[in-house]
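Chemist: Just passing along the structure, written as structure tokens.
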Number of protein chains: 2
Amino acid sequence: MAGGTSTPGESVLSRSMRLLSAFDADDPYLTLAELSARGGLPLSTTHRLARELTNLGLLDHGRDGRYRIGVRLWEIGGLAPISLELREQAMPLLMRLYDATGENAHLAVLDGHEALYLIRIMGPHAVPTLSRMGGRHPLHTTGVGKALLMTRDEHWLDRFLAQPLERDTTHSITDPAELRAELNRARVRGYATTREEMTLGNVSIAAPLPAVPGLPPAAIGVVTHLDRADENRLAPLVIKAATAVSEVFASARS
Amino acid sequence: MAGGTSTPGESVLSRSMRLLSAFDADDPYLTLAELSARGGLPLSTTHRLARELTNLGLLDHGRDGRYRIGVRLWEIGGLAPISLELREQAMPLLMRLYDATGENAHLAVLDGHEALYLIRIMGPHAVPTLSRMGGRHPLHTTGVGKALLMTRDEHWLDRFLAQPLERDTTHSITDPAELRAELNRARVRGYATTREEMTLGNVSIAAPLPAVPGLPPAAIGVVTHLDRADENRLAPLVIKAATAVSEVFASARS
């Protein structure tokens with residue numbers, strides 16, 4: 001997530017945001033030189049800003065000399081309504097889905113052209129997945145992503161499909177016409193599936209939440225292993241959970 | 001969490017932090033006037049900074065005119081090692097504890113003189129608690145808090161007990177000598193308990209994690225209802241989980 005180069009006159013906040021945005025899940029620890037390079041800021045500016053961000057608790061500076069996102073920033077972030085309300089309200093219902101299935105249970109919302117994961121429940125017997133709370137994944141290769149696509153109109157899909165679809169595995173659907181046909185099938189039966197389209201061996205089953213005014217489109221899904229993917233058993237549980245979470249969201253807003 | 005008054009020459013970052021720190025779990029939505037008052041900044045400064053923070057995604061500005069912590073800030077916060085690593089590594093083991101008990105399962109770390117909750121698993125049959133991920137609670141009235149106190153030496157406890165202990169319920173232990181005696185008993189048996197000291201009707205059982213070099217003190221606990229609090233059954237499960245999580249943390253660092 002390297003940024004561009006700083007422009008003269010750019011504000012302190014904008015430059016600080018370059019530094020905060022330099023971190024990602026693959027590289028959560030960065031040296032001053034890495035921060036400087038990724039943020040596109042001179043070393044002296046980076047040093048001064050990083051020191052102040054550290055004093056404020058937005059960054060932490062480890063004994064190894066590397067910077068990381070600070071505990072205080074994590075804590076403030078937890079006050080975003082998406083976490084404080086949506087995630088907390090949905091959690092018991094996602095746990096109910098977990099209780100009934102023992103599988104990975106996910107809640108994601110649409111953000112731009114990606115699925116942003118609000119909840120990822122991973123039990124001790126669940127298959128490994130790449131997802132995590134606060135993580136992002138493609139719409140066309142994940143169960144919750146396809147469920148989110150089910151809620152989009154043709155105009156939105158036209159724009160989405162104007163960009164090339166990346167291939168995560170040999171099973172990923174990257175042909176726009178094929179994906180549209182897949183979404184139509186999903187809409188008819190009320191849920192989406194993926195078969196090894198993101199991770200080999202994994203199958204997902206997901207359903208969109210009935211829309212709630214004022215909230216972003218959201219979806220719930222489970223991820224299981226190919227060998228135990230019982231679609232007929234799991235799909236009704238997923239749809240039931242999606243409906244229940246939507247009702248909780250709606251009643252909290254009325 | 002109202003701040004003081006801004007001083008002349010205070011940096012843009014410091015003033016921005018005042019605004020971000022103006023939000024708390026009780027008031028996650030603030031008008032411009034509220035932001036200004038809580039941040040201790042003039043209305044014009046607040047307006048200018050809030051607009052820039054909104055443009056950067058650190059704040060969101062709702063249709064109702066109120067500000068809230070932005071999705072982007074939540075997302076960046078998730079990259080803090082405390083969330084990205086500790087929480088993600090511990091989650092499957094906390095889920096195992098949940099599977100075995102069906103009760104609220106918590107992981108908290110010591111931060112200052114408070115317990116900072118990294119994980120709160122709340123199943124559909126769990127008793128209501130005040131905790132949430134990213135939330136803070138007192139050390140002397142929560143199970144994980146007392147377990148964290150078990151790890152502190154006399155010198156640390158002297159400083160902690162120099163301040164008055166707040167009373168959350170009539171059962172809260174607020175007498176320093178009584179709390180010290182309670183901690184000694186907890187150390188002998190290897191786990192801490194609370195009985196309605198934070199929430200009436202709730203009982204908690206918690207154990208400290210065996211220390212891992214470089215990590216803050218941490219504890220795991222369950223919260224259940226008084227009527228079904230089987231200490232002899234729950235305590236060994238909690239201690240087992242605490243040991244397992246500590247081992248996972250340690251092996252991820254070696």
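Chemist: Output ³J(HN,Hα) for segment B:168-180: one whole-Hz value per residue in order, computed from phi by the Karplus curve 6.51 cos²θ - 1.76 cosθ + 1.60 with θ = phi - 60°, and x for Gly and Pro.
Modeler: After applying 6.51 cos²θ - 1.76 cosθ + 1.60, I find 8, 9, 5, 8, 4, 8, 10, 8, x, 5, 5, 5, 4 Hz.
Chemist: Ignoring ligands, DNA and RNA, how much accessible area is buried between chains A and B, both sides summed, with a 1.4 Å probe, to the nearest 100 Å²? Let's see the in-between values first.
Modeler: On the way: alone 13200 and 13180 Å², together 21240 Å².
Its buried surface, counting both partners, is about 5100 Å².
Chemist: If ligands, DNA and RNA are left out, what is the accessible area of A:Val127 with a 1.4 Å probe, given in Å² to the nearest 10?
Modeler: So the heavy atoms of A:Val127 present about 10 Å² to solvent.
Chemist: Any idea what the A:Thr54 label distances to the other copies are, label 7 Å down the Cα→Cβ vector, nm, shortest first?
Modeler: Spelled out, the distances from A:Thr54's label point are 3.4 nm.
Chemist: Let me ask something additional. Across peptide A:10-19, what mean number of C-beta atoms from other chains lies inside 10 Å of a residue's C-beta?
Modeler: On the way: counts 0, 4, 5, 10, 3, 1, 5, 9, 1, 0.
The mean count of partner-chain Cβ atoms within 10 Å per residue comes to 4.
Chemist: Here's another thing I want to ask about it. Stokes-Einstein diffusion coefficient for segment B:81-252 at 37 °C in a medium of 0.692 mPa s, Rh from the Kirkwood formula over Cα pairs: what value in µm²/s? Mind dumping the intermediate values first?
Modeler: Values: Rh = 15.7 Å.
Calculated translational D: 209 µm²/s.
Chemist: Still on this structure: How large is the convex hull of the C-alpha atoms of segment B:1-121 per residue, in Å³?
Modeler: Working: hull volume 16.7 nm³, N = 121.
Convex hull of Cα atoms, per residue: 138 Å³.
Chemist: Note down, for segment B:12-76, the three equivalent ellipsoid semi-axes (square root of 5 times each alpha carbon gyration tensor eigenvalue), biggest first, whole angstrom.
Modeler: Working: eigenvalues 48, 34, 27 Å².
Equivalent ellipsoid semi-axes, largest first: 15, 13, 12 Å.
Chemist: Summarise the accessible area of the protein assembly as shown (1.4 Å probe, protein heavy atoms) by the percent that is carbon and sulfur.
Modeler: Details: 11300 of 21240 Å².
Ligands and nucleic acids excluded, carbon and sulfur give 53 percent.
Chemist: List, in order, the whole-Hz ³J(HN,Hα) value for each residue of segment A:217-229 obtained from phi through the Karplus relation with A = 6.51, B = -1.76, C = 1.60 and θ = phi - 60°; use x for Gly and Pro.
Modeler: Going residue by residue, I get x, 9, 8, 10, x, 10, 10, 9, 8, 2, 6, 10, 7 Hz, with x marking Gly and Pro.
Chemist: Taking each label point as 7 Å beyond Cα in the direction of the beta carbon, state the distances from A:Glu178 to the same residue in the other copies, shortest first, in nm.
Modeler: 7.0
Chemist: At a probe size of 1.4 Å, how large is the accessible area of A:Phe160, to the nearest 10 Å²?
Modeler: 10 Å²
Chemist: Okay, moving on. Per residue, what accessible area does the protein assembly as shown have, given a 1.4 Å probe and all protein chains present, in Å²? Don't jump to the answer; show the numbers that get you there.
Modeler: Numbers: 21240 Å² over 508 residues.
Ligands and nucleic acids excluded, the figure is 42 Å² per residue.
Chemist: So, in Å, what gap is there between the alpha-carbon centers of segment A:20-73 and segment B:185-254?
Modeler: Centre-to-centre (Cα) distance: 34 Å.
Chemist: Further question: Keeping all protein chains in place and using 1.4 angstrom, which order do A:Glu85, A:Glu114 fall into by accessible surface area, from largest down? Please report the intermediate quantities before stating the final value.
Modeler: Details: A:Glu85 40, A:Glu114 75 Å².
These residues rank, largest area first, as A:Glu114, A:Glu85.
Chemist: Residue by residue through segment B:64-71, what is 3J(HN,Hα) from phi via Karplus (6.51 cos²θ - 1.76 cosθ + 1.60, θ = phi - 60°)? Round to whole Hz and write x for glycine and proline.
Modeler: Going residue by residue, I get 7, x, 8, 8, 8, 4, x, 4 Hz, with x marking Gly and Pro.
Chemist: Tell me which residues come under 5 Å, amide H to amide H, from B:Met198 once H is placed; ignore anything under 5 positions away on its chain.
Modeler: none
Chemist: Sticking with this structure for a sec: Residues of segment B:132-180 that become at least 20 Å² less accessible with every protein chain present than in their own chain isolated, using 1.4 Å: which are they?
Modeler: Listed in order, they are B:Arg132, B:Met133, B:Gly134, B:Arg136.
Chemist: Which log10 I(q)/I(0) values does the protein assembly as shown give at q = 0.06, 0.12 Å⁻¹ under the Debye formula, counting every alpha carbon as one identical point scatterer?
Modeler: -0.29, -1.21
Chemist: I would also like to ask the following. Return the long-range amide H neighbours of A:Leu59 (sequence gap of 5 or more, or a different chain), with a cut-off of under 5 Å between placed amide H atoms.
Modeler: Under 5 Å from the amide H of A:Leu59: A:Thr54, A:Gly70.
Chemist: Follow-up. Where does each of B:148-157, B:131-140 land if you order them by average Cβ count within 10 Å, highest first? Show your work: numbers first, answer last.
Modeler: Details: B:148-157: 16.0, B:131-140: 21.8.
Averaged packing, sorted descending, gives the order B:131-140, B:148-157.
Chemist: List the aspartates and glutamates whose Cα lies under 17 Å from the Cα of B:Lys240, skipping any in the same chain that are fewer than 8 positions away.
Modeler: B:Asp99, B:Glu103, B:Asp230, B:Glu231
Chemist: A:Ser254 label points, 7 Å along Cα→Cβ, one per copy: pairwise distances from this copy to the rest in nm, shortest first?
Modeler: When each copy's label point is compared with this one, the spacings are 5.6 nm.
Chemist: Arrange the residues A:Tyr29, A:Tyr191 by how much accessible surface each exposes, largest first, with a 1.4 angstrom probe.
Modeler: Working: A:Tyr29 50, A:Tyr191 25 Å².
Sorted by accessible area, descending: A:Tyr29, A:Tyr191.
Chemist: Next question, about the same structure. Nearest the rotation axis from B to A, which residue of chain B has its beta carbon, and at what whole-angstrom distance?
Modeler: Axis relating chain B to chain A; nearest Cβ residue and distance: B:Gly77, 1.
Chemist: Compute for segment B:164-254: radius of gyration divided by Kirkwood radius, i.e. Rg/Rh, restricted to C-alpha atoms, rounded to two decimals. Intermediate values should be presented prior to the final figure.
Modeler: Numbers: Rg = 14.6 Å, Rh = 14.3 Å.
We get a ratio of 1.02 for segment B:164-254.
The values are calculated or read from the model by the stated rules, or taken from the named source; none is laboratory data. Note that this is a predicted model, so its numbers are computed, not measured. Cβ coordinates were reconstructed from backbone atoms using ideal geometry, including for glycine residues, and neighbour counts include every protein chain displayed. When the accessible area is computed, the model is the full protein with side chains, heavy atoms only, and any ligands, DNA or RNA have been set aside. Shrake-Rupley method; radii C 1.70, N 1.55, O 1.52, S 1.80 Å.
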